[in-house]
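Computed from the coordinates by the stated procedures, all read-outs in this text should not be read as laboratory data. Bear in mind that the values here come from a model prediction, so they are computed numbers and not experimental data. Every residue, glycine as well, gets a Cβ built from its backbone with ideal geometry; the counts of neighbours run over all protein chains shown.
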Amino acid sequence: MLIKRPDDLKASEITPRPLYLGRRKLLVGAAAAAASALLLPDLLGRGRLARAGSPLGPLKKSPLSASEALTGHKDILHYNNFYELATDKESPAKLAHLMHLRPWTVRVEGACGKPRTWDIDELLKAFPLEERIYRLRCVEGWSMVIPWVGFPLRALLDRAEPTSQAKHVELTSFDDPRLPGTQARVIDFPYVEGLRMDEAMHPLTILSVGLYGETLAGQNGAPIRLVVPWKYGFKSAKSIVRIRLVEEQPVNTWQRMNPREYGFYANVNPAIDHPRWSQAKERRIGELFRRKTLPFNGYADQVAALYAGLDPRKLY
Ligand code: MTE
């Protein structure tokens, strides 16, 4: 990964939330005024959902939620890895307005009886949303606690009626050459991730469409992204456009770019070092001292059994 070890988050580089919200309100207000002037109620409705930071309504909190202090909303919005936009942590928030979030479709296809192209707004209405508070541990050594809003990936896969050939799931992100990172081909695009079928169907694995009760900001993977809390953050593909049920194990982006450092499983494991650094500890964004990283990022009770008999070295 083009990863620098990001030890210090520069407070000066974070736009204060009131400023950010003020700016957003202005932009959003101008867009809404333009749309209503055109008397296009349908488009206005779509626009409401398309906007990052729109409230998602009352949400049930999942019992699968972690009960730790949440990382600040501002930090989650301004400390991102999103190579389609940029390679540093602060630029994705500044460049996310360049993302075209509507129209947006997600194609579910491959080894299944009912392939389908979902319009994102249809998809948002089809599955009940809930709040899931999860730890996210990045392979670079930082972590966050994020109140995601989403629904189990399983719910969408079940609708497709997977066949017995569906042994893995391949998730593909968008590939929009208008975006600076994509244009510069800083890595191979589109970004691809993969899961084994049992991982994809696990109740902890979700598709997220929001956080902190609002639709996702572009830099966090709008309009829809994967979240697999027991794996390093790079497994959580952002801005997904295709989900394919396949037999063979997919080759994910980082594995293809750097097979010496990245594998397929990427389960959080403090006992196995990254070839260039230890994974024993992590820095929770917003905290001063490092804390110990937990096996499977603290979700061992729920997921360790999935890997019984597999060499833990392979699990990275
Ligand atoms: N998905 C896409 N499409 N492009 C990316 O660059 N970065 C990954 C992952 N998903 C990435 C992606 C990495 S390395 C991490 S750590 C997480 O997204 C970061 O998610 P966050 O910015 O919402 O914390």
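In summary, R159 fulfils each of the numbered conditions (1) assigned to a loop (DSSP other than H, G, I, E, B); (2) over 17 Å from the mean Cα position of the chain (by Cα) with the single exception of condition (1).
Restricting the first member to the stretch 163-190 and to residues that are closer than 24 Å to C112 by Cα, and the second to residues that are more than 13 Å from the ligand (Cβ to nearest atom) and basic (K, R), the beta-carbon pairs closer than 6 Å and six or more apart or on different chains are H168/R196; E170/R244. In the stretch 233-246, the residues that are among the aliphatic types (A, V, I, L, M) form Cβ pairs under 7 Å with partners that are within 6 Å of the ligand (Cβ to nearest atom), at six or more places apart or across chains, as follows: A237/S173; A237/Y191; I240/S173; V241/S173.
Conditions (1) more than 24 Å from P63 (Cα to Cα); (2) out of contact with any strand residue (DSSP E or B) (no Cβ under 8 Å at 6 or more places or on another chain), marked per residue:
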| site | (1), (2) |
| --- | --- |
| E193 | yes, no |
| D198 | no, yes |
| T205 | no, no |
| G210 | no, no |
| L216 | no, no |
| L226 | no, no |
| I240 | yes, no |
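Away from the ligand (no atom under 13 Å from the Cβ), more than 21 Å from R132 (Cα to Cα) and in contact with an Asp or Glu (Cβ under 7 Å, 6 or more places away or on another chain): is that true of P250 in this structure? Yes: the conditions hold for P250. If I ask for residues that are surrounded by fewer than 17 Cβ atoms within 10 Å (Cβ to Cβ) and either in contact with a strand residue (DSSP E or B) (Cβ under 7 Å, 6 or more places away or on another chain) or hydroxyl-bearing (S, T, Y) (or both), which ones from the stretch 281-306 would you list? Within the stretch 281-306, K281, R290, R291, K292 qualify.
Return yes when E287 is of a type in the set (D, E) and touching a His at 6+ places or on another chain (Cβ under 7 Å) and no when it is not. Even if it seems obvious, please write down each step before you answer.
Details: of a type in the set (D, E): yes; touching a His at 6+ places or on another chain (Cβ under 7 Å): no.
No: the conditions fail for E287.
For the stretch 105-136, give me each residue that is within 30 Å of Q183 (Cβ to Cβ) and either within 14 Å of the ligand (Cβ to nearest atom) or of a type in the set (S, T, N, Q) (or both). Answer for the stretch 105-136, where residues must be within 30 Å of Q183 (Cβ to Cβ) and either within 14 Å of the ligand (Cβ to nearest atom) or of a type in the set (S, T, N, Q) (or both): T105, V106, T117, L136. You will find that of G57, G53, the residue that is at positive phi, away from the ligand (no atom under 16 Å from the Cβ) and either of a type in the set (A, V, I, L, M) or assigned to a loop (DSSP other than H, G, I, E, B) (or both) is G57 and no other. Residues of the stretch 274-311 being in contact with a helix residue (DSSP H, G or I) (Cβ under 7 Å, 6 or more places away or on another chain) and either in a helix (DSSP H, G or I) or over 17 Å from V145 (Cα atoms) (or both), which ones? Within the stretch 274-311, F296, V303, A304, L306 meet the criteria.
In the stretch 232-273, what residues are in a helix (DSSP H, G or I) and surrounded by 22 or more Cβ atoms within 10 Å (Cβ to Cβ)? Across the stretch 232-273, the qualifying residues are K235, T253, W254. In the stretch 169-227, of all residues being within 10 Å of the ligand (Cβ to nearest atom), of a type in the set (S, T, N, Q) and over 16 Å from I76 (Cβ atoms), the one that is nearest to the chain's Cα centre (by Cα) corresponds to S173.
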